[in-house]
1. Going by amide H atoms built from the backbone, whose H comes under 5 Å of the H on Glu106, apart from near neighbours?
2. Taking loop as defined by DSSP and a crowding limit of 16 other beta carbons within 10 Å, which trypsin sites (Lys or Arg not before Pro) in the range 173-254 fit?
3. Calculate for the chain the 222 nm mean residue ellipticity that helices alone would give, adding -39,500 (n - 2.57) per DSSP H run of length 4 or more and normalising by residue count, nearest 500 deg cm²/dmol.
4. When Lys and Arg each count +1 and Asp and Glu each count -1, what net charge do the other residues less than 11 Å away from Leu159, Cβ to Cβ, add up to?
5. Any lysines with Cα under 25 Å of the Lys88 Cα? List them, leaving off those in the same chain fewer than 8 positions away.
6. Kindly state, to the nearest 0.05, the FRET efficiency for Glu317 paired with Thr81, given R0 = 22 Å and r defined as their beta-carbon distance.
7. Tell me the relative contact order for the chain as a rounded percent, counting alpha carbon contacts under 8 Å between residues six or more apart.
8. For the range 150-310, calculate the relative contact order in percent as a whole number, restricting contacts to Cα pairs under 8 Å that are 6 or more residues apart.
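Nothing in this text is a laboratory measurement; each read-out follows from the coordinates by a stated rule. Treat the numbers as computed from the prediction; the structure is a model and nothing was measured. Positions of Cβ are generated from backbone atoms using ideal geometry, with glycine treated the same way; all protein chains shown enter the neighbour counts.
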Amino acid sequence: MTIALKGRSLLSLEDMSPEEIRYLLTLAVELRAEKRAGTEKRRLTGKSIALIFEKDSTRTRTSFEVAAYDQGAHVTYLGPTGSQLGKKESVKDTARVLGRIYDAIEFRGSQQHHVEILAQFSGKPVYNGLTDEAHPTQVLADFMTIQAHTSAQPHETALVFMGDTHNNVARSLADGAMKLGADMRLCGPKSLWPDTATLERWRGIGLETGGRLMVSDDVNVAVKGADFVYTDVWLSMGEPTEQWAERIKLLSPYRVTSELMRTTGRPNAKFLHCLPAFHNLETGVGAEIGKQFGIDCMEVTDEVFESGASIVFDQSENRMHTIKALLIATLGG
């Protein structure tokens, strides 16, 4: 089957077929090998990419910048105060301006609607670097990382997400897992489950791919037999900080601990996190939460985060390789 992605946008993993996802993952592995061997070929010389960041970033920004530079492309970083988007100029008008100047646009912000407008009116490929609804470039890196740490095929792999199961990362992770035919478990309080329509959509995909979906508030049931345990922060960027007390009370039973990892029954079970993680008191937010609530971590313990089971920095590196694959596939010759 020919995989043709040139000119395509990535707004969410709903946009991609299982074959297209597999193609990007295979290409990313090849590109990682090229970079490490020093044999990388420049495929994007002369291309220009606008990077719009309404929200701060470490991994997404650096991954797009280095991926582009490695391939000979130029980038322009537009931070929260770096453009008129949504303030003095509509998103639609900004899209039409940038589409005349750049070959592609990356957007990281709150509203999924904004990334969709950019794609509709720019006429160029647009990449979702994170919105409140989706984080597709993260999940491409997640599955590249998972594949590197197991010899099993996706349909033989069980992955559990712990905590806020309706956040952007959990939703994109489930999109990818169901399309690849994996055993996906979402474990968290019922009040934070995805809506019924979304669950039914995933189950429908599973009927075609062999993917299986479990949604549970029972930790012991959800993690049993899991090969990979994934979690994320309990309060996402942009959510009111007044919600910390409620979230800590609600999600503490779903903290990833060494005991939880043992409950999988898999001695080689791995831990994933999209980062940043509140696993100690060494951040301003972590220290403040620790002082206010008397806890030394939130979604994951430092013991698990720093253990041999943790593959979170492989995930970070793989953001660059999968983003590079996406750029080449959509912009290359």
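1. Long-range HN contacts for Glu106: Ala50, Leu51, Ile52, Tyr127.
2. Passing sites in the range 173-254 are Lys224.
3. -13500 deg cm²/dmol, from helical runs alone.
4. Values: positive: Arg185, Arg212, Lys270; negative: Asp142, Asp183, Asp227.
Around Leu159, the surrounding residues sum to 0.
5. Answer for Lys88, where 25 Å is the Cα cut-off: Lys55, Lys124, listed by chain and number.
6. On the way: r = 30 Å, r/R0 = 1.36.
Efficiency computed from Cβ-Cβ geometry: 0.15.
7. Relative contact order for the chain comes out at 20 percent.
8. Taking the mean separation of contacting Cα pairs over the length of the range 150-310, I get 22 percent.
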